[in-house]
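Here's the structure we're looking at; comments come further down.
Derivation of every value follows stated rules applied to the coordinates shown; laboratory data play no part. Computed from a predicted structure; not experimentally measured. Reconstructed Cβ throughout: ideal geometry from the backbone, glycine too, with neighbour counts over all protein chains shown.
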Amino acid sequence: MKSTRSFPSIIRVSKQFTFDMAHALYGHDGLCRNIHGHTYHLTITLKGIALQNSGHPKDGMIIDFSDLKEIVQKQVLYNFDHALVLNEKSPHAELTLLKNSFDKVVLTPYQPTCENLLLDIVEKLTNTLPENVTLCAVRLNETPTSYAEWFLQDN
């Protein structure tokens, strides 16, 4: 089918990811001060102008979803999936037993809240996406009813 468009259109594409992670919120006044886990649902939304090259195998794409998957795997999932994430200032971080007993103990310079994890993910992705796409939204669901969102237009 031949395109009848006379102008390029900006399109948004999104891909969802799921990962499991445990964390504890150092000094928190509620139950979240204890080590506990979540199944996180991450949605990445990019915008760009689709490739307009009828001879190219990626004609009509902003980004190949498999390329986006590879970037998110390397930048986010590899680090956080099935990891225990703790604030580096937490007394838990000093427990040699944790580090020696588990393969994936990740210490962060921030409190590992949903909001801070979201901002960390935004930073990691912004620095690694191809130049022809723009990260425009990221949503991180910590539970089925609780999530944090970031929008480029708000910044």
Evaluate the relative contact order of the chain (contact order divided by residue number), counting alpha-carbon pairs under 8 angstrom at least 6 apart; express in whole percent. 26 percent
Most mobile of S90, S54, S66 per a Gaussian network model of the chain (Cα springs, under 10 Å)? S54
With G48 itself left out, Lys, Arg at +1 and Asp, Glu at -1 over residues whose Cβ is under 13 Å from its Cβ give 0
What ranking do F19, F65 get, fewest neighbouring Cβ atoms within 10 angstrom at the top? F65, F19
How long is the gain from H36 to E70 if the chain were fully straight, where each residue apart is worth 0.36 nm and the alpha carbon distance is subtracted? 9.5 nm
Test of understanding: in a Gaussian network model of the chain with alpha carbons linked when under 10 Å, which of E123, E131, E142 would top the mean-square fluctuation ranking? E131
If one builds a Gaussian network model of the chain from Cα atoms under 10 Å apart, the most fluctuating residue listed among C136, C32, C114 is C32
Which of (1) 17.3; (2) 15.9; (3) 15.2 is the computed Kirkwood radius over Cα pairs in Å for the structure on display? (1)
Using only Cα atoms and rounding to the nearest 10 degrees, what angle (0 to 90) does helix 114-126 make with the longest principal axis of the chain? 40 degrees
What net charge is computed for the residues neighbouring L118, neighbours being all others with C-beta under 13 Å from the C-beta of L118, Lys and Arg scored +1, Asp and Glu -1? -4
Using the number of other C-beta atoms within 10 angstrom as an exposure proxy, rank T143, T43 with the fewest first. T143, T43
